[in-house]
Amino acid sequence: MEEKIIVLKCDRYDKSFIYEKLNEGIKLLNLKNIPNRILIKPNMLSARKPEQGVTTHPLILSAIVEIFKDKKIIIGDSPANISKPIEEYWIKCGYKEISEKYKIELKKFDTSIPIDIYINNKLYKIPITSLLNDYYILNVPKFKTHNLTTLTIGIKNLYGLIPNITKTILHSKFINSYDFSFFLVEFYKKIEDKIFLTVVDGIIAMEGDGPSSGKLKNLGYIIIGEKPIYVDYVCCKLIGVEPEKVDFIKIYKEKYGIDKFEVIGEFQQIKNFKLPSTKKYFLIKNSFFTKLLSPISKFFKIIPVIKKEICRKCYACYNICPVKAISKDLKFDRKKCILCLCCFEVCSYKAIKLKKSLITRIFT
């Protein structure tokens, strides 16, 4: 059966309006098998208020809960900054209020089961939340850019199913954007059958240097589909990006293929949507060009820099660094830094900036 992707025009965070749109979209999707036990997986990257546009808006979750109210529903995630109590996330993101209103349990992914993933004939045993023993995933990402993967929507949001510090450690094993994207594809394929629906919060999106420090963009859409790879493909088209230029989509298409699918709904392509400033950098860095010019390639770099006047010394960057390249006094060891940009991603105060070398500024 041909895959369907529903594109809904939705220009405001109004509870009844969102419910109406989502209900319409899910009916158009004509889901054949709706599980009785549903795990809603939002993007809960940081303990931020909904209006900051970093996390999935709680009104999207409220509408989903009401549509599937006859099912057993929980909401869960595993934020990267494990040093911060998860209760702060539930409150700031607006999910505690949903929990109390609908009597829904909020679950931190703190117990896991192993799954086997083979990459280049090497076995990786990856922990994933043990809730998948009993629940199916309703994937609810926020439409945002990402400095390492270009975009973080359906596929990337699933990375949060990996509990605790493991998400950070994996960045030290899959260092560059291509290798990390390859891992995302294989991880997704391993759990594909546990995902029954993806709903993208694209009412307010983030462009530029996301996923936490970009600029908010009035996108005005909700995108719905069963398979997140197709949802992400359509999201690329919506913002005028060729899907094959996004590594994880390119890798997926080459390895597994993308079948024909139907887009239901009309959308007007968003013009001048800004991608991360690192997009061209990673493209060039991983290309034959830098290998050919290896004597000068060491000068072709982007480095994260802490702005002391903004820093609140929360130590989120120190705690998350997978290679311990940040000291307790918040100084970088440039020889250790692998440019995973986890520190940039997790900083709640936008105190970490990306500094380009002269050669990088010239070519990007």
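The values are calculated or read from the model by the stated rules, or taken from the named source; none is laboratory data. Just so it is clear, the structure is predicted and the values come from calculations on it, not from any experiment. When we count neighbours, we look across all protein chains shown, and the Cβ atoms used for this are built from the backbone with ideal geometry, even at glycine.
Evaluating residue 136 against the criteria (1) in contact (Cβ under 8 Å) with a residue 12 or more places away in the chain; (2) more than 24 Å from residue 65 (Cβ to Cβ) leaves one unmet condition, (2).
This table checks each residue for (1) touching a residue at least 24 places away in the same chain (Cβ under 8 Å); (2) surrounded by 15 or more Cβ atoms within 10 Å (Cβ to Cβ); (3) more than 20 Å from residue 148 (Cα to Cα); (4) in contact with a helix residue (DSSP H, G or I) (Cβ under 7 Å, 6 or more places away or on another chain).
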position: 301; (1), (2), (3), (4): yes, yes, no, yes
position: 309; (1), (2), (3), (4): no, no, yes, no
position: 312; (1), (2), (3), (4): yes, no, yes, no
position: 327; (1), (2), (3), (4): no, no, yes, no
position: 342; (1), (2), (3), (4): yes, yes, no, yes
position: 350; (1), (2), (3), (4): yes, no, no, no
position: 354; (1), (2), (3), (4): yes, yes, no, yes
position: 358; (1), (2), (3), (4): yes, no, yes, no
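Could you please find all residues in the range 223-262 being out of contact with any Phe, Trp or Tyr (no Cβ under 7 Å at 6 or more places or on another chain) and small (Gly, Ala, Ser)? Within the range 223-262, 225, 257 qualify. Put simply, of 217, 189 the only residue that is within 26 Å of residue 48 (Cα to Cα) and either crowded, with 22+ Cβ neighbours inside 10 Å or out of contact with any Gly (no Cβ under 8 Å at 6 or more places or on another chain) (or both) is 217. Within the range 297-340, the only residue that satisfies the criterion of being at pLDDT below 95, over 22 Å from residue 170 (Cβ atoms) and not in a loop (DSSP other than H, G, I, E, B) is 297. Of the helices (runs of 4 or more DSSP H) entirely within the range 1-110, those holding at least 3 residues that are within 26 Å of residue 129 (Cα to Cα) and in the same structural domain as residue 157 (by TED's automatic domain parsing) occupy 58-67, 86-93, 95-102. For the range 341-364, the tally of residues that are among the hydroxyl-bearing types (Ser, Thr, Tyr) and assigned to a helix (DSSP H, G or I) stands at 1. Out of all the residues in the range 59-82, is one or more in contact with a helix residue (DSSP H, G or I) (Cβ under 9 Å, 6 or more places away or on another chain) and free of Cβ contacts under 8 Å to residues at least 12 places away in the same chain? No; the residues of the range 59-82 include none that is in contact with a helix residue (DSSP H, G or I) (Cβ under 9 Å, 6 or more places away or on another chain) and free of Cβ contacts under 8 Å to residues at least 12 places away in the same chain.
Results for (1) of a type in the set (Val, Ile, Thr); (2) surrounded by fewer than 22 Cβ atoms within 10 Å (Cβ to Cβ); (3) at pLDDT 95 or above; (4) under 23 Å from residue 250 (Cα atoms), shown as yes or no for each residue.
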{"site": "100", "(1), (2), (3), (4)": "no, yes, yes, no"}
{"site": "113", "(1), (2), (3), (4)": "yes, yes, yes, no"}
{"site": "118", "(1), (2), (3), (4)": "no, yes, yes, yes"}
{"site": "124", "(1), (2), (3), (4)": "no, yes, yes, yes"}
{"site": "129", "(1), (2), (3), (4)": "yes, no, yes, no"}
{"site": "132", "(1), (2), (3), (4)": "no, yes, yes, no"}
{"site": "146", "(1), (2), (3), (4)": "no, no, yes, yes"}
{"site": "152", "(1), (2), (3), (4)": "yes, no, yes, yes"}
{"site": "157", "(1), (2), (3), (4)": "no, no, yes, yes"}
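Name the one entry in 151, 158 that is in contact with a Cys (Cβ under 8 Å, 6 or more places away or on another chain) and closer than 21 Å to residue 347 by Cα. After applying the criteria, what remains is 151.
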